[in-house]
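A short worksheet on the structure shown next.
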Amino acid sequence: MDKDFSTREENYSKWYNDIVQRAELAENSAVRGCMVIKPYGYAIWEKMQAALDKMFKDTGHSNAYFPLFIPKSFFSKEADHVEGFAKECAIVTHYRLKNAPDGKGVVVDDSARLEEELIIRPTSETIIWDTYRNWVQSYRDLPILVNQWANVVRWEMRTRMFLRTAEFLWQEGHTAHATEQEALEETYRMLDVYADFAENFMAIPVLKGIKSENERFAGAVETFCIEALMQDGKALQAGTSHFLGQNFARAFDVKFASKEGKLEYVWATSWGVSTRLVGALIMAHSDDHGLVLPPKLAPIQVVIVPIYKNTEQYNLVCEHARKIKASLEQKGLLVKLDDRDTHKPGWKFNEYEFKGVPVRIALGPRDVENKTLEIARRDTLEKNIIPADQLVPHVEALLDTIQKNLFQRALKFREENTRRADNWDEFVQLIEEKGGFVLAHWDGTAETEEKIKEATKATIRCIPFDTGKEPGRCVFTGKPSQGRAVFARAY
RNA sequence: CGGGGUGUAGCGUAGCCCGGUUAGCGCGCCUGCUUUGGGAGCAGGAGGUCGCAAGUUCGAAUCUUGCCACCCCGACCA
């Protein structure tokens, strides 16, 4: 045994890092702030990509690809946008190296300075809208419904695996529309897609809502988001969908001739989710035994561990195991038979627990004789002996049960950790002592939000869509408020 | 960039205050035998520029100075 897992209560941050390491999801790289995503971690991301990509296609979108480099001047065209990203950009200034004068290694060749610096994209609105100008002339060219799977770079001061890395993988959708109405509908539609994905694939309940002015995307008219609650009581922004109005169309001069023959600016949206979702998955479901994956996103849904004492038994048990594997695979399940002779069963049990494999089947000579199997589920760690001929329907039903149970468990957690605060003392106490989502009245001003943040580190995660109108008084200023906002400390 | 901390084998660490044989231990790794239904046992073995550099000293992992790296807490943020 290397070492035991840290527990969630002891040190949440260490617990999280242990899981990333022990489940072989990722590791720090030689480049500060950047991580290496290992094959198992990447396989989870690929499952997410596949599900999301299908949802995008089902809603009429196509994939395309735009350059990694963005000319510096593009950033100056939208004032809020440049303001929002200026402080975290990686910049390419030269295009050549040369041998060092002292013969030791290489140095930047000063004579190879770029006339205009290139920014490594922190997000692609600018390069995409510069391109869309050429794609749009008439209302017949609209809408443009394009998504890009790419990497982006944001030079963050402090990084955490998956949650905030200097380089991260994501998808960014960028759409162009003839009318404000249509663009708004698209913004809502994609937020719904994200919420659907979070709840039905990741098994993480999310709040849908609008961002306050402070938290709004740089350059957007309105930002919608899904917010999830992690097990340490902190909130995580899991996805955003932005209504960009005509801001980028004006900045990049993207106009079209309408049916009425008038020249108008195009309406825009953009929306994205990133590898941060892998971090959300880890933090939402894992326990002190390691990662817990929802079946729909598990690269291995069922693992079979053979148990044996000698070569004869090994051959017998593995023969049965291969048949079991084939019968499950016939139903489209992702099954791994771990027939390695280099590790013992107990070792393997632990390993697949670290890795969050939803269902484990143990199969030994005793089972072959009795025509039974031992089935263990990762979410509750329960073990059962079942008749071998019931295996396939049993596993199918169990995977479904686990998927639903994880969601219900996370939902229960969120409900237990969502509280109302009606005055300042209550608010501070809840944020400090309990964490979680705190629903409170707020006077609607950026200044008040800023002061609340300074005092408690809590920010407005969103103003939920489904919060009804409820008159009240701001917990900080006492000024009138129309409804409650969701406050929390966030990642 | 501020405040704190840590650098010793692949990983985790003891030793440092108070300088002195061959730098100790656990995990992992290699070999052999016995094992295999929840991280096996025994025996043997390999593996170290003690973060880097300079200084003090007969002698430095240990003391001094400088540098570097990483971690935690802030500021920044998906």
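For the reader, a short list of remarks on this structure follows.
- Extending 7 Å from Cα along the Cβ direction at A:Leu68 and again at A:Lys479 yields two label points whose distance is 4.7 nm.
- Only Lys, Arg, Asp and Glu carry charge here, each on its Cβ (+1 for the first two, -1 for the last two); on that basis segment A:186-239 has a dipole of about 60 debye about its Cα centre.
- Whole-Å distance, taken between Cα centres, linking segment A:267-345 and segment A:367-386: 15 Å
- Separation of segment A:452-481 and segment A:116-169, taken as the distance between their Cα centroids, equals 32 angstrom.
- The share of accessible area on chain A that comes from carbon and sulfur is 49 percent, using a 1.4 angstrom probe.
- With a Förster radius of 56 Å applied to the C-beta separation of A:Asp466 and A:Gln313, the computed FRET efficiency comes to 0.45.
- Among the GluC sites (Glu not before Pro) in segment A:304-383, those located in a DSSP loop and surrounded by at most 15 other Cβ atoms within 10 Å of their own Cβ are A:Glu382.
- Sites A:Asp425 and A:Glu9 - FRET efficiency at Förster radius 45 Å, r taken between beta-carbons, to 0.05: 0.95
- Loop-exposed trypsin sites (Lys or Arg not before Pro) per DSSP, neighbour cap 10 Cβ within 10 angstrom, longest uninterrupted part of chain A: A:159-258
- Cα-Cα over 21 Å, subset of A:Lys47/A:Lys323; A:Lys38/A:Lys344; A:Lys234/A:Lys355; A:Lys348/A:Lys412; A:Lys14/A:Lys355; A:Lys211/A:Lys457: A:Lys47/A:Lys323; A:Lys38/A:Lys344; A:Lys234/A:Lys355; A:Lys348/A:Lys412
- Using only side-chain charges placed at the Cβ, +1 for Lys and Arg and -1 for Asp and Glu, the dipole size of chain A relative to its Cα centre rounds to 620 debye.
- Estimated distance in nm for a label pair at A:Val106 and A:Ala79, the labels positioned 7 Å out from Cα along Cα-to-Cβ: 4.3 nm
- Rounded FRET efficiency, nearest 0.05, which uses the C-beta distance separating A:Glu433 from A:His343 and R0 of 51 Å: 0.70
- Under 9 Å, Cβ to Cβ, from A:Leu439 - net charge with Lys/Arg +1 and Asp/Glu -1: +3
- Accessible surface computed residue by residue for chain A, with neighbouring protein chains in place and a 1.4 Å probe, gives 47 Å² per residue.
- Net +/- balance of residues flanking A:Ala362 in space, Cβ distance below 11 Å, scoring K and R +1, D and E -1: +1
- Our summary gives segment A:1-90 a relative contact order of 12 percent, counting only alpha carbon pairs under 8 angstrom and 6 or more residues apart.
- Sparsely packed loop sites in segment A:177-261 (the GluC sites (Glu not before Pro) outside DSSP H, G, I, E and B with at most 12 other Cβ atoms within 10 Å) comprise A:Glu260.
The values are calculated or read from the model by the stated rules, or taken from the named source; none is laboratory data. Note that the structure is a prediction, hence the values are computed from the model and not measured. Here Cβ is always computed from backbone atoms with ideal geometry, including for glycine, and neighbour counts include all displayed protein chains. Keep in mind that these areas ignore ligands, DNA and RNA; they rest on the heavy atoms of the full protein, side chains included. Shrake-Rupley method; radii C 1.70, N 1.55, O 1.52, S 1.80 Å.
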